[in-house]
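Everything below concerns the one structure shown next.
Every read-out reported here was derived from the displayed coordinates using simple, explicitly stated rules and does not represent laboratory data. If you're wondering where the values come from, they're calculated on a predicted model, not measured in any experiment. Using ideal geometry, Cβ is built from the backbone for each residue, glycine included, and neighbour counts are taken over all protein chains shown.
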Amino acid sequence: MNIQAIVSITLTLFSAASWGAVQQREYNTWYIKNAVLYDMTQTAAGMPVMFSLSQPGRKTANMLVSYLSEGSCLPQTQKLRVNGREVPAAYRCSQYDRFKIEHFAVKDAKEVNAIYHHLESDFTLLLQHDIKVWAANIKAPKFGIAPRF
């Protein structure tokens with residue numbers, strides 16, 4: 001009985017660790033569909049972040065960042081910070097119980113294309129001082145908008 005219990009516990013731990021490794025790989029993987037690049041990452045607290053670049057490299061490029069965090073929406077508009085610098089963006093916040101979902105939309109194509117070229121040069125992007133967006137496979141993204149769950 002002891003051997004069976006040890007084997008069961010060991011297999012459970014290995015399968016949990018493997019599942020965690022698989023889930024981690026799903027983050028920071030770029031996808032493309034209909035001229036939109038998508039990436040999912042997480043905040044330093046482990047909350048999900050969706051990052052998308054529409055028509056990167058064109059005069060009509062735009063970007064959307066949405067993320068979940070604990071707390072209440074503040075009455076004043078928040079600023080989007082990219083690599084420590086404020087970037088002009090439209091802001092919207094939605095309250096859900098004790099969580100908020102914050103959205104930033106950047107419509108300035110020059111700003112968006114500068115961000116895209118920064119990522120294309122294999123540099124990491126830092127949003128809001130704690131969200132890392134990795135370049136990963138941005139030069140050869142997978143087809144679709146997200147991993148299959």
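Tabulated data for the structure shown
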quantity: Separation between Cα centres of the stretch 25-58 and the stretch 104-131, rounded to whole Å; calculated: 11 Å
quantity: Descending principal axes extents, the stretch 83-149, alpha-carbon based, whole Å; calculated: 38, 34, 22
quantity: For the stretch 68-149: relative contact order, % (alpha-carbon pairs under 8 angstrom, 6 or more apart); calculated: 25 percent
quantity: FRET E, pair R92, A140, Förster distance 35 Å, beta-carbon r, rounded to 0.05; calculated: 0.60
quantity: Lys, Arg +1 and Asp, Glu -1 on Cβ, resulting dipole of the stretch 40-149 about Cα centre, debye, nearest 20; calculated: 260 debye
quantity: Radius of gyration, Dmax [the stretch 28-143; alpha carbons; angstrom]; calculated: 13.7, 40
quantity: Anisotropy class of the stretch 23-75 from Cα gyration tensor, a/c 1.5 cut; calculated: oblate
